[in-house]
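Asker: Quick one: this structure, given as structure tokens, is what I'll be asking you about.
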Amino acid sequence: MSNIITPTRSDEFAKRLKKRYAAERRFKLAGLSAIVFSVGVLIFLLSSMTFNGISGFQRAELAVPINVAEAGIATNAEQLSLGSAVQGLQAQGLADVVQFAAVQSLGEEGAAELSTQAWRDVASDLIANPSLAQRSHTFNLPASADLAAGLNNEGSPELQVLADRLESDGVLSENFDFGFLQRSDATDPQLVGIWGALKGSILTMIVTLLMAFPIGVLAALYLEEYAPKNRWTDVIEVSINNLAAVPSIIFGLLGLAVFLWLFPNFRSAPLIGGMTLALMTMPVIVISGRNAIKAVPPSIRDGALAVGASPIQVVFHHVLPLALPGILTGTIIGMARALGETAPLLMIGMRAFVATPPDGFTAPATVLPVQIFLWSDEIDRGFVERTSAAIIVLLLFLLLMNGLAIYLRNKFEKTW
Amino acid sequence: MSSITLFLIAIGLGLAGWLAARAKAWSFQQETSAKQMAARPNYHAWYVALWITIPAILFALVWTIVAPQLVLQSVLASEAAASLPEFGFQRQAILSEAQAVASGNASSVFNPAANDFIEPFREATSRYGLIGIAITAIIAFGCGLAAFLRLRPDFTARTRVERTVMFILLLASLVAILTTFGIFASLVFETFRFFGMVNPIDFLFGTFWGPDPMSNAENPDSSRYGAIPLFWGTIYIGAIIAMIVAIPLGLMSAIYLTQYANPKVRAWVKPALEILAGVPTVVYGYFAALTVAPAIRDLAFSVGFTNASSESALAAGLVMGVMIIPFVSSMADDSIAAVPSAMRDGSLAMGATTSETIRKVLVPAALPGIVAGVMLAISRAIGETMIVVMAAGAAANLTGNPLEAMTTVTFQIVAMLTGEGSFDHPATLSAFALGFVLFLVTLGLNFVALRVVKRFREAYE
């Protein structure tokens, strides 16, 4: 008993132990670097989008002083409040007036690089503020895409020189472009906006929510509370689990083959897009809904049944209200996924060039992710920054929705 | 717009019926004593409201589908229709232009021939709109009245309402089956049409992919529809490159987070991974095309591969792998957490280090769950569309060089269906055949994976 050599004293053991500890450290380091890599990619992704996107919210603008009244354009507040005010100003030759004013203040060379649609900005400024027409006012008007590239030291050398000259004269500058959030798609990166796509996304999401939420919640209630355990219920469960994992593009094929065959007139409408996304979102809501319902303790059901409630009353008066926060969290997460979805909407034709915001559920529309995809295909350099700006808008919406889901989860989550 | 009116009418009349029925039930309650009522007034109200809204909404749904056909029929029956081209694209274009103007979606027509049809369209639309409103109202009134007249103090309204609610619940859960069936039926139907034109053997085993949407649809060249390069591209990008990135990183992240990280780090890193999972695929695609692909090309150039293209399988695969990391990580997290802690504690008590415990005990025990997670991740990666559409390229190369452009099943589905080809052309229909293959493969992977997970859970419970 007394002459046992304690193994820790052995050299070989100490060596082995050292080796094992080194392996332990290596392993831990490998885990840490995996985490660091993943988070690093996330940070790199977000920061490169933000970096590019911030300049996407700006555009190169030329300062042009215009005296509208002096140029002979009759404006009064009453006329400008009409719906046809823009056409009226166009008929009076506002475009020429703007061009002329530009030549005077910028010279021939500079005026040639004013966007051809610049007069529309003047018109909308006048409509918003009729008093501008009575005096000389300096309008900030969009420069052409080529000049904007010149300002970033890209594109043709002549325009770079011109841009430098105009910039040092103080008439060409990068300004924050509020209109980006108000305009729709266009062919000129200086004139594009995100509102058309955003409105399309909102309309589509409304349809998706109205369809997927009731069906998903009711299906979850049935499966969790009433369904008898038999072959049919198994089939339903298997198909829901599989639907949740079917690639989104397959839902696009379904929408193309079924919905567009039923409603051929509604091609690229938010209605069809919303229905397609609803089929995709529904399984997510069912699965999260079932988990939330399962979490309601059976004593609640037993108590309600004991005082004489019918099975329907038990569920709709007691179980559902208690499970609702959990169901809502799942719904928001499912909706966030649907908001970022592109492929199925490409299938059903929501990729058309739509230059006006959609005015209803059946009007042709596009959505934010599809708009991002379309812009990313454009050759013009100016679209790169615009695409990043659109991505920032999309990510902000997703962040908002996920934040809401997390807030709901933390606020209402109950552990029984 | 008119269908929304129909739904609003149905709901509005339902509300009116609800109020009327409740008032009547209240009056019963006043006359007789409350104890003799078989159901509370609200249930009488719901009974009538359901009888009003459900038939009316069903009709509105059918009408939404039928009415455009009726409008078209009546326009074609008008005098102007005699001048229409017999068939084909022009006829469609004229009609749809006229319809767009008539419904206010467009302000003017390009084709002057369409001008003749604007009036007939407008007229027919408003006529059928009115007919739809009238029939909806009649159905709602008729059913509502029938239900209203049945109300008695001893009427068992509650059981009837509850039976209906139960039925609606059942219907809602059947939507899932219906969707699965719809996917299956539409894919099978179009795939059969495709295989009527192109030999299935050529499709599944051919090695040259180059459908020409502009070729003669009657006599397609079967040898241009060999899908092997697409399958290879899909597997190479989604199941090989992406998994080489995602499996080690996802697994190690999960292990570090569950076994080593202190709770504070965990509280920050887990949501960050969730954000990574929540970034839309189009953003990843943009990132791959704009940042990763040029970087890889430049790197390849500097190493000496002068033939590297700006669209490469490697770029798409790498970014896809990053996208899948959180997915693998959360699946691995779940299966490691499902291993009973007694096994872990036993190993640690025997003197094993943490990493030895993880490698020799936890991971082997959690292996079925991890493998299932990887299978689900693969099924996700091969069904991923936007990253490959934006970064992988269109050329169907059958090669092992990751620096070359490569195309995938999902890319070709998008390309075939967003092109200019007609819907009856085999090139367009090939998209459905590719979709069917994709559907079957992902279905198989999911089915096996879910079974494995279930078995695995049962083994430790």
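No value in this document is a laboratory result; all are computed from the given coordinates. The structure displayed is predicted, hence computed values, not measured ones. In this analysis, Cβ positions are derived from the backbone assuming ideal geometry, glycine residues included, and neighbour counts consider all displayed protein chains.
Asker: Starting with the highest mean, order A:240-249, B:270-279 by the number of other Cβ atoms within 10 Å, averaged over the residues of each peptide. The partial results should precede the final answer.
Answerer: Details: A:240-249: 22.3, B:270-279: 17.7.
Result, highest mean Cβ count within 10 Å first: A:240-249, B:270-279.
Asker: Within 10 Å of each Cβ of A:19-31, how many other protein chain Cβ atoms are there on average?
Answerer: Values: counts 0, 5, 2, 0, 4, 6, 2, 1, 11, 9, 1, 6, 13.
Shielding by partners across A:19-31 averages 5.
Asker: Something else about it: Report, as an integer, the average count of C-beta atoms from other chains found within 10 Å of each Cβ along B:268-280. Walk me through the intermediate numbers first.
Answerer: Values: counts 1, 4, 0, 2, 5, 4, 3, 8, 6, 1, 9, 9, 13.
Mean partner shielding for this stretch: 5.
Asker: Among A:Leu400, A:Ser388, A:Ser376, flag the residue with its Cα farthest along the positive direction of the charge dipole of the range A:372-415, charges on Cβ as +1 for Lys/Arg and -1 for Asp/Glu.
Answerer: Most positive-ward Cα: A:Leu400.
Asker: Report the paramagnetic label zone for A:Leu17: residues of the range B:331-351 whose backbone N is under 13 Å from a point 7 Å from Cα along the Cα-to-Cβ axis.
Answerer: Only B:351 pass the distance filter.
Asker: Sticking with this one: Using +1 at the C-beta of Lys and Arg and -1 at the C-beta of Asp and Glu, which of B:Val453, B:Leu376, B:Leu434 has the Cα lying farthest in the positive direction of the dipole of the range B:330-461?
Answerer: Positive-end residue among those listed: B:Val453.
Asker: Please give the average number of partner chain Cβ atoms lying within 10 Å of the Cβ of each residue in A:393-404, rounded to a whole number.
Answerer: Details: counts 0, 4, 5, 0, 0, 5, 2, 0, 1, 4, 0, 0.
Going residue by residue through A:393-404 and averaging, the value is 2.
Asker: What whole-number distance in Å separates the alpha-carbon centres of the range A:145-211 and the range B:324-372?
Answerer: When both Cα centres are located, 51 Å separates them.
Asker: I need the phi-derived Karplus couplings for the range B:276-282: 6.51 cos²θ - 1.76 cosθ + 1.60, θ = phi - 60°, integer Hz, Gly and Pro marked x.
Answerer: 4, 6, x, 5, x, 5, 5
Asker: Using amide H atoms built in the peptide plane, which far-off residues or other-chain residues are under 5 Å from A:His137 H to H?
Answerer: A:Ile66, A:Asn67, A:Val68
Asker: Report ³J(HN,Hα) in whole Hz for each residue of the range A:186-198, in order, from the Karplus equation J = 6.51 cos²θ - 1.76 cosθ + 1.60 where θ = phi - 60°; Gly and Pro get x.
Answerer: 8, 8, 9, x, 6, 10, 7, x, 10, 5, x, 5, 5
Asker: Here is a follow-up. Along the positive direction of the dipole of the protein assembly as shown (beta-carbon charges: Lys, Arg +1; Asp, Glu -1; about the Cα centre), which of A:Thr331, A:Val64, B:Pro229 reaches farthest?
Answerer: It is A:Thr331, whose Cα lies furthest towards the positive end.
Asker: Cβ neighbours within 10 Å, averaged per peptide: list B:251-263, A:397-409, A:270-282 in order, most packed at the top.
Answerer: On the way: B:251-263: 20.5, A:397-409: 15.8, A:270-282: 27.8.
Highest-to-lowest ranking by the protection proxy: A:270-282, B:251-263, A:397-409.
Asker: Filter the chymotrypsin sites (Phe, Trp or Tyr not before Pro) in the range B:183-247 down to the DSSP loop ones having no more than 15 other Cβ atoms within 10 Å, then list what survives. Don't jump to the answer; show the numbers that get you there.
Answerer: Numbers: sites: B:Phe184, B:Phe189, B:Phe192, B:Phe194, B:Phe195, B:Phe203, B:Phe205, B:Phe208, B:Trp209, B:Tyr225, B:Phe231, B:Trp232, B:Tyr236; in loops: B:Phe208.
Listed in order of number, the matching sites are B:Phe208.
Asker: Within chain A, how many lysine pairs that are 8 or more places apart, or on different chains, have C-alpha atoms less than 23 Å apart?
Answerer: Details: A:Lys15/A:Lys28; A:Lys18/A:Lys28; A:Lys19/A:Lys28; A:Lys229/A:Lys294; A:Lys294/A:Lys411; A:Lys294/A:Lys414.
Summing the qualifying lysine pairs gives 6.
Asker: Could you work out the helix-only [θ] at 222 nm for the protein assembly as shown, with each DSSP H run of four or more residues adding -39,500 (n - 2.57) and the total divided by the number of residues, to the nearest 500 deg cm²/dmol? Provide the component values of the computation, followed by the final result.
Answerer: Working: 34 runs with 582 residues, N = 877.
That calculation yields -22500 deg cm²/dmol at 222 nm.
Asker: Still on this structure: Sort A:223-235, A:170-182, B:360-372 for me by packing, meaning the mean count of neighbouring Cβ atoms within 10 Å per residue, highest on top.
Answerer: Values: A:223-235: 13.5, A:170-182: 15.7, B:360-372: 19.1.
The packing order, highest mean first, is B:360-372, A:170-182, A:223-235.
Asker: May I ask you to list the aspartates and glutamates whose Cα is less than 19 Å away from that of B:Lys360, ignoring any residue fewer than eight positions away on the same chain?
Answerer: Leaving aside aspartates and glutamates fewer than 8 places away in the same chain, those within reach of B:Lys360 are A:Glu24, B:Asp333, B:Asp334, B:Asp345.
Asker: In nanometres, what is the gap between the two model label sites at A:Glu109 and B:Leu19, each 7 Å from Cα along Cα-to-Cβ?
Answerer: Between A:Glu109 and B:Leu19, the simple spin-label model gives 7.4 nm.
Asker: Could I ask something else about it? May I ask for the distance between the Cα centers of the range A:353-387 and the range A:47-71, given as a whole number of Å?
Answerer: 20 Å
Asker: Between A:Asp234 and B:Asp345, what FRET efficiency comes out of the Förster formula 1/(1 + (r/R0)^6) with R0 = 30 Å and r the beta carbon distance, rounded to 0.05? Before the final figure, lay out the partial values.
Answerer: Values: r = 37 Å, r/R0 = 1.25.
According to the calculation, E is roughly 0.20.
Asker: Another question about this same structure. Based on the alpha-carbon gyration tensor of chain B and its eigenvalue square roots a ≥ b ≥ c, which shape applies: rounded if a/c is under 1.5, prolate if not and a/b is larger than b/c, or oblate?
Answerer: Values: a/c = 2.75, a/b = 1.28, b/c = 2.15.
Oblate is the answer for chain B, as a/c is 1.5 or above yet b/c matches or exceeds a/b.
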